[in-house]
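Presented below is the structure to which this report refers.
The values are calculated or read from the model by the stated rules, or taken from the named source; none is laboratory data. Because the structure is predicted, anything quoted here is derived from the model rather than measured. Here the Cβ positions follow ideal geometry from the backbone for every residue, glycine too, while neighbour counts run over all protein chains shown. When the accessible area is computed, the model is the full protein with side chains, heavy atoms only, and any ligands, DNA or RNA have been set aside. Shrake-Rupley method; radii C 1.70, N 1.55, O 1.52, S 1.80 Å.
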Amino acid sequence: VLWSGIEGDLDQLHELTGAVRARVRECGVAFPERPLRPHLTLARARRHDSASVTAAGARLDGFTGRPWRTERLHLVASTVRGHPGHRRYQDVDAWVLATPTPPRPPASPDS
């Protein structure tokens, strides 16, 4: 898997994660407890072909990218391991995130 970590103001994401995990526990669903590592999945290797993703990752070594704002959060489901065929992804739901209003330019002396 080739992924890019996410940085910035993640406090609310960590709060959401805690609330979701608490609810899952209340429902009696077992899952591994591990730290949240916010990321974007950029690529997955096909079975028996990890070299292509490794090569892509090497070409991106040192790349930083530019900051950007997220406008929506999507809950995505995927087929489970052992399912025949390619893994498939489907949006389960999506939420618009509150974004701060961009700053207004300073008023001109004529206004």
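Could you pull out the GluC sites (Glu not before Pro) across the range 1-77 that fall in loop regions by DSSP (anything but H, G, I, E, B) with no more than 14 other Cβ atoms inside 10 Å? Kindly include the intermediate steps, with their values, before the conclusion.
Working: sites: Glu7, Glu15, Glu26, Glu33, Glu71; in loops: Glu7, Glu33, Glu71.
Sites meeting the loop and neighbour criteria: Glu7, Glu33, Glu71.
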Fraction of accessible area attributable to carbon and sulfur, the range 1-96 (%, probe 1.4 Å): 53
Selected from Gly18, Thr54, Leu40, residue furthest toward positive end of dipole (the range 1-63; charges at beta carbon): Thr54
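What number comes out for accessible area per residue over the range 1-63 if the probe is 1.4 Å? Units Å², please. Working shown, then result.
Working: 5470 Å² over 63 residues.
It amounts to 87 Å² per residue over the range 1-63.
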Estimated inter-spin distance, Ala30 and Phe63, nm [label 7 Å along Cα→Cβ]: 4.0
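Could you list the chymotrypsin sites (Phe, Trp or Tyr not before Pro) in the range 1-94 that lie in coil according to DSSP, counting only those with at most 10 other Cβ atoms within 10 Å of their Cβ? Show your work: numbers first, answer last.
Details: sites: Trp3, Phe63, Trp68, Tyr89; in loops: Phe63, Trp68.
Those that pass, being in a loop and sparsely packed, are Phe63, Trp68.
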The range 1-63 shape via C-alpha gyration tensor axes, a/c threshold 1.5: oblate
The range 47-61-the range 12-43 distance, computed between alpha-carbon centres (Å): 27
